[in-house]
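Please read the structure below before turning to the comments.
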Amino acid sequence: MSSERRDGSETSITDLWLERIELDVGGLSRPQLLDALRLAGVSLNAHAEALIAHPVFEEPVRERIRIVDRTVAELGFRGGATLPRIYAAAEELGLGLCPVVTGPYLRLAWATQADSSNSVLSAESSPDGAVNVASPVLNDDVEFPKGFYLRVVDGQSWLRGYRCDDLYVLAPDVRFAFRQPA
């Protein structure tokens, strides 16, 4: 089954899950969160592990947020854009950044994400089928991950971190999960 997205492209009904959802984030200690991810069979890359090791995950306050997804093109960038430009455009459209802790909770809640059409895990570009979680950057060092993305590869759910600098241009079809004000 398919449906038409805001930009006129077709998408499967399972992809529409992120059109608008409400999600509880925070509330678990770091060990509890890691156990929950392990029990759910979620794989992590080293960048995701580095993000989860950050102090922001020590005592995250539980809150309910509303999430919507947008492609870089839907934010007005048909030729792609850098992360700072993407975040600024989202803010102009009334969308906010998700709390940094959102990625793992979204991964746990989203069991129906479609399988990626390729199994390449790292290709120096945003991978096929990935949804990046728009959240504040924790560290300006280009070697430190900027955020999480969610992807399913060969039936395996992944929570991965990604790195980029402020000059890297993300393609127009890259998807981001943003916080929608209540």
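The values are calculated or read from the model by the stated rules, or taken from the named source; none is laboratory data. Values in this document were obtained by computation on a predicted structure and should not be read as measured data. When we count neighbours, we look across all protein chains shown, and the Cβ atoms used for this are built from the backbone with ideal geometry, even at glycine. To get the accessible areas, we keep the full protein, side chains included, count just its heavy atoms, and leave off ligands, DNA and RNA. Shrake-Rupley method; radii C 1.70, N 1.55, O 1.52, S 1.80 Å.
The table below gives the values:
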item: ³J(HN,Hα), Karplus 6.51/-1.76/1.60, whole Hz, each residue of the range 27-36, x for Gly, Pro; result: x, 9, 5, 4, x, 5, 5, 4, 5, 4
item: Backbone HN-Hα couplings from phi across the range 66-73 [Karplus 6.51/-1.76/1.60, Hz, Gly and Pro as x]; result: 9, 10, 10, 10, 9, 7, 4, 5
item: Largest-first principal axis extents, alpha carbons of the range 31-106, Å; result: 40, 25, 22
item: For the range 135-151, 3J(HN,Hα) per residue [Karplus equation, 6.51 cos²θ - 1.76 cosθ + 1.60, θ = phi - 60°, Hz, x = Gly/Pro]; result: 8, x, 6, 7, 7, 6, 4, 5, 7, 8, x, 8, x, 9, 9, 10, 7
item: Whole-number D in µm²/s for the range 124-172 (Stokes-Einstein; Kirkwood sum over Cα pairs; 10 °C, 1.306 mPa s); result: 136
item: Cβ-based net charge around ALA134, under 12 Å, with every Lys or Arg adding one and every Asp or Glu removing one; result: +2
item: Loop-located GluC sites (Glu not before Pro) in the range 24-124, at most 11 other Cβ atoms within 10 Å (DSSP); result: GLU58, GLU124
item: Accessible area per residue in Å² at 1.4 Å probe, computed on the range 23-182; result: 47
item: Fraction in percent of alpha-carbon pairs per bin - 5 Å, the range 42-182; result: 2, 10, 20, 24, 23, 15, 5, 0
